[in-house]
Amino acid sequence: MTLDSKLPSGPIEQAWDKTRFDMKLVNPANKRKHSIIVVGSGLAGASAAATLGELGYNVKCFCFQDSPRRAHSIAAQGGINAAKNYQNDGDSVYRLFYDTVKGGDFRAREANVYRLAQISVSIIDQCVAQGVPFAREYGGALTNRSFGGAQVSRTFYARGQTGQQLLLGAYQALERQIHEKTVTMYPRTEMLDLIVIDGKARGIVVRHLVTGEITTHFADAVILGTGGYGNVYYLSTNAKGSNVTASWRAHKRGALFANPCYTQIHPTCIPVSGDYQSKLTLMSESLRNDGRIWVPKQKGDKRKPDQIPEEERDYYLERRYPSFGNLVPRDVASRNAKSVCDEGRGVGESGLGVYLDFTAAIKRLGEHVIRERYGNLFDMYQRITDEDPYKVPMRIYPAIHYTMGGLWVDYHLQSTIPGLFVLGEANFSDHGANRLGASALMQGLSDGYFVIPYTIGHYLASNKFAKVDSSNPEAQQAVANVKQITDKLLSIKGKRTVDSFHRELGKIMWEYCGMSRTAEGLEKAIGLIDALREEFWQNVNVPGSGDDLNQSLEKAGRVADFFELGRLMCVDARERNESCGGHFREEYQTPEGEAQRDDEHYSYVAAWGYNGPGQHPELNKEPLEFDYVHPSQRSYK
Amino acid sequence: MKLRLKIWRQKNRNDKGSFVSYSMDDVNPEMSMLECLDVLNETLIERGEEPVTFEHDCREGICGSCGFMINGIPHGPQRATTVCQLTMRHFKDGEELVIEPWRAGAFPMIKDLMVDRRALDRIIESGGYISVSTGNAPDGNDILIGKDTSDRAMDAAACIGCGACVAACPNASAALFTGAKITHLGVLPQGKIEAERRALGMVGQMNTEDFGSCTNIGECTAACPKEIPLEVIARMNQDYWRASAKRRDDSVKPVTPVTRWNAK
Ligand SMILES: Cc1cc2nc3c(=O)[nH]c(=O)nc-3n(C[C@H](O)[C@H](O)[C@H](O)COP(=O)(O)OP(=O)(O)OC[C@H]3O[C@@H](n4cnc5c(N)ncnc54)[C@H](O)[C@@H]3O)c2cc1C
Ligand code: FES
């Protein structure tokens, strides 16, 4: 398949303007005659649904939670980037563009990233107008902080609850449209299949999570804003419900899945404490500004941290990266933590942890300064671990946090199925092989508020839409497919719970397709996943029925898709014989042990087509070209 | 540690429901209340029984999905902590925990510990926003907002919409929830313009739903995991009275509460 990314020609600064001018418009009076389905009510979905409603389209919005306000976006802490340059510290659209392309290790499309940087400034204006209480100076102006190693202060934030406040802004805009009756909201409703008629996405099959009813919805176009797939690892910082099902079922209907192996691991999370562990909690990376990371020099040293003398400690980041020290990027910090633990020098009961020590900072600055900077984070740490980080060093360990891969989309955010658009973390578009901190919120809102309202109009104005309903054979086939999966899951009545399978899958993924990967390990993982998947379909125990609320059934459907996705991630990781961003292949490293890219052979997007379960997928390549930011090796020594 | 969990089990709205006791012999004090229920559920499934249904998502105290009563207290005994962040070390070995869902007329039962909180969304729908469409906004720094004002807005905006305030209130009133949104938006210059219309709409909706009225008892703020202050209710009343006194906008009509699920 040849991939047409519909990239604009001409200078990058004018590309989005020109594209907007070239696009067809839908006559205002005709807008309400077009119906649009939006699946997802996170930052991406809610902002899209609200804005399309404001424009006058007839919108239906779906989410699996009881209210659109609870989407996973609510949990984002740190902030949102924008090239406002309010701090007069040298920021610009071009610099944000440059940082994002470089941070993505030269595996993102330049034109998309440039547009994102341009739009970033309007996002902040819109959110302020909605009443988002961003942090401010005493004089009343908006304030910023620097985040994720950026050299300028461009991150806007609302305490440690930026995602919550941005999502509430979008949710309130959405509720306003619900009141205006331009949007109909369907909470507790899960999309389980995509209906493709005459080659176009025309509807979805959903299951109502309380009544168990399976129904169809039709529209002229379908938008997915269904989030990322980090939960394939079972333990991650994502909300428990985050899943890949909507994307995956669309993939099975023909949408290509791009760069699935690009996953982001966050270095500072609270370590796993037992088998019952259900999720991992992120501790903001700002802690690395003042904390020093270390492990004992000696293997298996079980002494308490305060009994280990200075000369027996290994401050390994400071030792290996004298110029960046504890502030190396996320991927580098994570990999180093893993390698010292693999050597047997990890701390805590499980040996999977490293110390993040504030003793020196407290001595230098005083406890009150540290309390002022990080008080709320220290409290959260203490609430969870019952240890006082002012006295005992924190224990941290890396955890899966974000997925850069997702459904392939062109510059218009349209997938390879005409009429199916994908926004937010669910698409693959803007972060390349590694996402910078505070850029996911920016991308979700850019897609929803400012890109899709234009590009979907162009699609609607350029196509004709035959009338479709549930009697169409394609719709009937999709409904039958969903019923068949549900019935099958309920009929097995085997011996193992869904969670036990999910946990085991997560362990395989983490071991072989996590922080560092090898061709051999990935090969092994594929075999293990195939075997586990087979066992799942013979031995899973899903109690209850499909006719009422059944949380085991919901989970089972999602885990079934995670098996197939996990396999594809391993295939993608094995195929990419280079290291880049979050993808580290042990065979491809510099003599100093850093990631080694291979631009000559791998400067492309890997977009995979589905060929059936357990079948080898089809690889399509979209070459990447860099006309503005020239690829270079990242170095933090 | 050992615990006895006395949990409310109810198949659906029409079922009568009753408490069922489960004993757990090996509770790790580090696990959260929800992880404790996960462990119980795994054993129930293995025994061929239906697991306990409860709502949850973020497990970080921010999405507002989780929540139930533990020994009569919403979200349990720990101050400013949701059940997803409540660790078992706060209970004593051998203790009995009575676990039951939020009970309020406006929150119809769904199953076990899960209730229908859509009434809260309808209150927001009836005015809990600033009417600004995408593209309408001036530059973010065109309107300066003092840090104190912005902090006050943020304090109120921290509400996670879990419903603990309603469950705690002897009258099952939603005044703290409604007041929080009215305060968040009303103190900001952008939100002042619509303050009266907003109060009419939201309070009107609150009264239309099956919530009780506020008699200033204050249980709500004590139970609130985000410690929303009681003063938001005073602000709500102020805006509402002022608006009612000079009401001219008759177009503010409440939304009809629905309790069925097959939305048309
Ligand atoms: C702990 C944490 C902290 C973070 N902090 C930051 C930060 O500081 N800055 C930053 O930029 N980024 C941050 N991120 C990343 C960022 O929060 C996410 O990438 C972003 O919010 C994703 O938004 P979204 O709209 O794409 O998806 P989500 O918010 O995940 O929304 C998905 C929506 O889809 C719905 N859905 C999913 N599947 C289905 C289905 N089958 N049927 C119906 N509905 C479905 C869900 O109900 C939900 O409404 C953080 C992430 C985590 C985990
Ligand atoms: S699960 Fe999100 S607040 Fe408890």
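Looking at the stretch B:241-256, is at least one residue at pLDDT 95 or above and polar (S, T, N, Q)?
Checked against the condition, which is being at pLDDT 95 or above and polar (S, T, N, Q), the stretch B:241-256 yields no hits at all.
Considering each residue of the stretch A:594-606, count those that are more than 16 Å from A:Asp572 (Cβ to Cβ) and without any contact (Cβ under 8 Å) to a residue 40 or more places away in the chain, and give that number.
Total meeting the criteria: 2.
Look through B:Asp15, B:Asp93 and report the one residue that is farther than 26 Å from A:Ile270 by Cβ, more than 10 Å from chain A (Cβ to nearest Cβ) and open to solvent by 50 Å² or more (accessible area, probe 1.4 Å).
Residue meeting the stated conditions: B:Asp15.
I want to confirm something. Restricting to the stretch A:55-64 and keeping residues that are surrounded by 24 or more Cβ atoms within 10 Å (Cβ to Cβ) and not in a strand (DSSP E or B), which single residue is nearest to the other protein chains (Cβ to nearest Cβ)?
Checked the stretch A:55-64; the qualifying residue nearest to the other protein chains (Cβ to nearest Cβ) is A:Phe64.
Limited to the stretch B:40-88, what total is found for residues that are surrounded by fewer than 22 Cβ atoms within 10 Å (Cβ to Cβ), in contact with a Gly (Cβ under 6 Å, 6 or more places away or on another chain) and in contact (Cβ under 8 Å) with a residue 12 or more places away in the chain?
The total comes to 1.
What tally of residues in the stretch A:270-300 results from selecting those that are surrounded by 17 or more Cβ atoms within 10 Å (Cβ to Cβ) and either part of a helix (DSSP H, G or I) or more than 14 Å from chain B (Cβ to nearest Cβ) (or both)?
Residues flagged as surrounded by 17 or more Cβ atoms within 10 Å (Cβ to Cβ) and either part of a helix (DSSP H, G or I) or more than 14 Å from chain B (Cβ to nearest Cβ) (or both) within the stretch A:270-300 amount to 11.
Scan the stretch A:48-60 and report the pairs whose first residue is acidic (Asp, Glu) and whose second residue is assigned to a helix (DSSP H, G or I), with Cβ atoms within less than 8 Å and a gap of 6+ or a chain change.
Cβ pairs passing all conditions: A:Glu54/A:Ala173; A:Glu54/A:Gln177.
Could you list all residues from the stretch B:117-155 that are open to solvent by less than 30 Å² (accessible area, probe 1.4 Å) and of a type in the set (Asp, Glu)?
Correct list: B:Asp121, B:Glu125.
Of all residues in the stretch A:226-245, which are more than 16 Å from ligand 2 (Cβ to nearest atom), open to solvent by less than 10 Å² (accessible area, probe 1.4 Å) and part of a loop (DSSP other than H, G, I, E, B)?
Answer for the stretch A:226-245, where residues must be more than 16 Å from ligand 2 (Cβ to nearest atom), open to solvent by less than 10 Å² (accessible area, probe 1.4 Å) and part of a loop (DSSP other than H, G, I, E, B): A:Gly228, A:Tyr229, A:Val244.
Would you pick out the residues in the stretch A:131-168 that are out of contact with any Leu (no Cβ under 9 Å at 6 or more places or on another chain) and closer than 27 Å to B:Thr256 by Cβ?
Scanning the stretch A:131-168 gives a single hit, A:Leu168.
Could you check the stretch B:163-264 for helices (runs of 4 or more DSSP H) lying wholly inside it with 2 or more residues that are within 29 Å of B:Val83 (Cβ to Cβ)?
Correct list: B:164-168, B:175-186, B:195-208, B:219-223, B:231-245.
With the checklist (1) within 11 Å of chain A (Cβ to nearest Cβ); (2) touching a helix residue (DSSP H, G or I) at 6+ places or on another chain (Cβ under 6 Å); (3) within 28 Å of A:Ile123 (Cα to Cα) in hand, flag the one item B:Gln205 doesn't pass.
Looking at each condition in turn, B:Gln205 falls short on (3).
Any residue that is within 16 Å of ligand 1 (Cβ to nearest atom), touching a His at 6+ places or on another chain (Cβ under 8 Å) and either within 9 Å of chain A (Cβ to nearest Cβ) or among the aromatic types (Phe, Trp, Tyr) (or both) - is there at least one of those in the stretch B:50-62?
yes
Only one residue in A:Ile265, A:Ile223, A:Ile214, A:Ile204 is in contact with a Lys or Arg (Cβ under 8 Å, 6 or more places away or on another chain), aliphatic (A, V, I, L, M) and open to solvent by less than 20 Å² (accessible area, probe 1.4 Å). Which one?
A:Ile265
Out of all the residues in the stretch A:185-193, is one or more out of contact with any Asp or Glu (no Cβ under 7 Å at 6 or more places or on another chain), buried (at least 23 other Cβ atoms within 10 Å of the Cβ) and over 30 Å from B:Glu60 (Cβ atoms)?
Looking through the stretch A:185-193, at least one residue is out of contact with any Asp or Glu (no Cβ under 7 Å at 6 or more places or on another chain), buried (at least 23 other Cβ atoms within 10 Å of the Cβ) and over 30 Å from B:Glu60 (Cβ atoms).
State all residues of the stretch A:350-387 that are under 26 Å from the mean Cα position of the chain (by Cα) and open to solvent by 70 Å² or more (accessible area, probe 1.4 Å); if no residue qualifies, say none.
A:Leu352, A:Asn376
Return yes or no: is A:Ala76 open to solvent by less than 10 Å² (accessible area, probe 1.4 Å), touching a residue at least 12 places away in the same chain (Cβ under 8 Å) and within 13 Å of ligand 1 (Cβ to nearest atom)?
When the stated conditions are applied, A:Ala76 does not pass them.
Identify all residues within the stretch A:434-456 that are farther than 16 Å from A:Tyr411 by Cβ, away from ligand 1 (no atom under 11 Å from the Cβ) and away from every other protein chain (no Cβ under 14 Å); write none if there are none.
A:Asn434
Have a look at A:Tyr262, A:Tyr234, A:Tyr276 and point out the one that is more than 13 Å from ligand 1 (Cβ to nearest atom) and at pLDDT below 95.
Within the list A:Tyr262, A:Tyr234, A:Tyr276, the selection yields A:Tyr276.
Starting from residues that are part of a loop (DSSP other than H, G, I, E, B) and within 11 Å of ligand 1 (Cβ to nearest atom), keep the ones in the stretch A:134-173 and report whichever is farthest from the other protein chains (Cβ to nearest Cβ).
A:Gly148
I'd like the residue in the stretch A:190-225 that is acidic (Asp, Glu) and over 30 Å from A:Ala461 (Cβ atoms) and, out of all such residues, is farthest from ligand 2 (Cβ to nearest atom).
A:Glu213
The values are calculated or read from the model by the stated rules, or taken from the named source; none is laboratory data. Because the structure is predicted, anything quoted here is derived from the model rather than measured. Glycine also receives a Cβ, built like all others from the backbone with ideal geometry; neighbour counts cover every protein chain displayed. The area values use the complete protein model at the heavy-atom level, side chains included, leaving out ligands, DNA and RNA. Shrake-Rupley method; radii C 1.70, N 1.55, O 1.52, S 1.80 Å.
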